[in-house]
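K.L.:
Have a look at the structure that comes next, please.
The values are calculated or read from the model by the stated rules, or taken from the named source; none is laboratory data. What you see is a predicted model; the values in this text were computed from it and never measured. Counting neighbours? That spans all protein chains shown, and the Cβs are built from the backbone with ideal geometry, glycine included. Please note that ligands, DNA and RNA were not included when accessible areas were found on the heavy atoms of the full protein model with its side chains. Shrake-Rupley method; radii C 1.70, N 1.55, O 1.52, S 1.80 Å.
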Amino acid sequence: MRPPDEDAAFNHNVHYGRYVSRRLRRALRAGLAADVEAATLLVLQHGREWEDSKGPVQDARADRDAADDELDTIAQDARARLAGRSADAVKKAPYTLIFPEGIGYYTAAPLDEEKKRYDELQKRLSEHLPANDEVRNDAVPKITAGLAAFEAAEKALAASLTAESLASTRLDAAEDAFRRLMTKVYGLLVSELGKSAAEKFFPRPSGARRKKGGGSEG
């Protein structure tokens, strides 16, 4: 008896368990068959939950990255419009006061600095441009909306990554219980029927491997 490897895809345990359960039922060992079936269904349930948990992670990551791109576009547009106001606009105020470290300070900000730096850009635009300035009036509300979208996506991503991790842990526990049960069933069959007969209740596993633990990055 050799069950699927610990890093095999969960459906290999499901296929393995279904085979064993069926063989046990055919041998009129209904109690053992029911135990194997229950453990197998638990692996299937938690495996599907783990797979399903990956969807919201990708949705939230896409929303966050889209908000990031939109903020970058707003900053680039404001920079271009201010730079185009005169031949030497980039060498004097208000351009130098709004972009003292260049456009990359905002557009190339690390994700954990995104909110801080775009909040700074918003404040610089408000402070160094008059209230009736078209660049200010266009960019500032867009940055406010973009930051709200970015923050919402960040919170959704954190929540979905937590849900994915919890689902992975539940699957690990179900697979561990499944392997323990297979060992117990095998031991019982060997004691009653002998090793050669007991082996016939179990298939030879095969299939691709997967590690479900460290999957998604923030």
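K.L.:
Explain nothing, just the number: relative contact order of the chain, from Cα pairs under 8 Å at least 6 residues apart, as a whole percent. Can you show the working numbers first?
P.N.:
Details: 226 pairs, mean separation 84.9, N = 218.
Dividing the mean separation by the residue count of the chain yields 39 percent.
K.L.:
Quick check for me: using +1 on Lys/Arg Cβ and -1 on Asp/Glu Cβ, what's the dipole size of the chain about its Cα centre, in debye to the nearest 20? Don't skip to the end; give the middle numbers.
P.N.:
Details: 35 positive and 36 negative charges, 316 e Å.
With Lys and Arg at +1 and Asp and Glu at -1, about 1520 debye.
K.L.:
With every protein chain left in place and a probe of 1.4 Å, what is the accessible surface of Y95, to the nearest 10 Å²?
P.N.:
About 30 Å², ignoring ligands and nucleic acids.
K.L.:
Using the Cα gyration tensor of the chain, with a ≥ b ≥ c the square roots of its eigenvalues, what is the shape: rounded (a/c below 1.5), prolate (a/b larger than b/c) or oblate (neither)? Show your work: numbers first, answer last.
P.N.:
Details: a/c = 5.96, a/b = 4.69, b/c = 1.27.
Prolate shape, in that a/c is at least 1.5 and a/b is the bigger ratio.
K.L.:
Starting with the highest mean, order 177-190, 66-79 by the number of other Cβ atoms within 10 Å, averaged over the residues of each peptide. Don't skip to the answer; put the middle values down first.
P.N.:
Numbers: 177-190: 16.9, 66-79: 18.9.
Top to bottom by mean Cβ count within 10 Å: 66-79, 177-190.
K.L.:
Report, in cubic angstrom per residue, the convex hull volume of the C-alpha atoms of the stretch 133-174.
P.N.:
Values: hull volume 1.3 nm³, N = 42.
Taking the convex hull of the Cα positions in the stretch 133-174, it is 32 Å³ per residue.
K.L.:
What pairs in K54/K123; K54/K200; K92/K116; K54/K142; K91/K123; K92/K115 have C-alpha atoms more than 28 Å from each other?
P.N.:
K54/K123; K54/K200; K54/K142
K.L.:
Cα centroids of the stretch 68-119 and the stretch 130-182: how far apart, whole angstrom?
P.N.:
After rounding, the separation between the Cα centres reads 26 Å.
K.L.:
What are the residues whose amide H is under 5 Å from the amide H of F99, where those residues sit 5 or more places off or on another chain and H is modelled from the backbone?
P.N.:
none
K.L.:
Over the stretch 68-160, what is the relative contact order in whole percent, taking alpha-carbon pairs under 8 Å and six or more residues apart? Walk me through the numbers on the way to the answer.
P.N.:
On the way: 68 pairs, mean separation 31.6, N = 93.
Worked out over the stretch 68-160, it gives 34 percent.
K.L.:
If you don't mind, another one. Given +1 on the Cβ of Lys and Arg, -1 on the Cβ of Asp and Glu, and no further charges, what dipole in debye does the stretch 1-115 carry about its Cα centre, rounded to the nearest 20? Provide the component values of the computation, followed by the final result.
P.N.:
Values: 17 positive and 21 negative charges, 145 e Å.
For this selection, approximately 700 debye.
K.L.:
Only helical DSSP H runs with n ≥ 4 go in: add -39500 (n - 2.57) per run for the chain, normalise by residue count and round the 222 nm mean residue ellipticity to 500 deg cm²/dmol. Please report the intermediate quantities before stating the final value.
P.N.:
Values: 7 runs with 159 residues, N = 218.
That calculation yields -25500 deg cm²/dmol at 222 nm.
K.L.:
Using the charge dipole of the chain (Lys, Arg: +1 at Cβ; Asp, Glu: -1 at Cβ; taken about the Cα centre), state which of A167, P56, V43 has its Cα farthest towards the positive end.
P.N.:
So the residue we want is V43.
K.L.:
State the answer as a single residue: which of L111, F99, S86 lies farthest towards the positive end of the charge dipole of the stretch 66-218, with beta carbon charges of +1 for Lys and Arg and -1 for Asp and Glu, about the Cα centre.
P.N.:
The listed residue farthest towards the positive side: L111.
K.L.:
Largest first and to the nearest Å, give the Cα extent of the stretch 42-141 along each principal axis.
P.N.:
68, 24, 19
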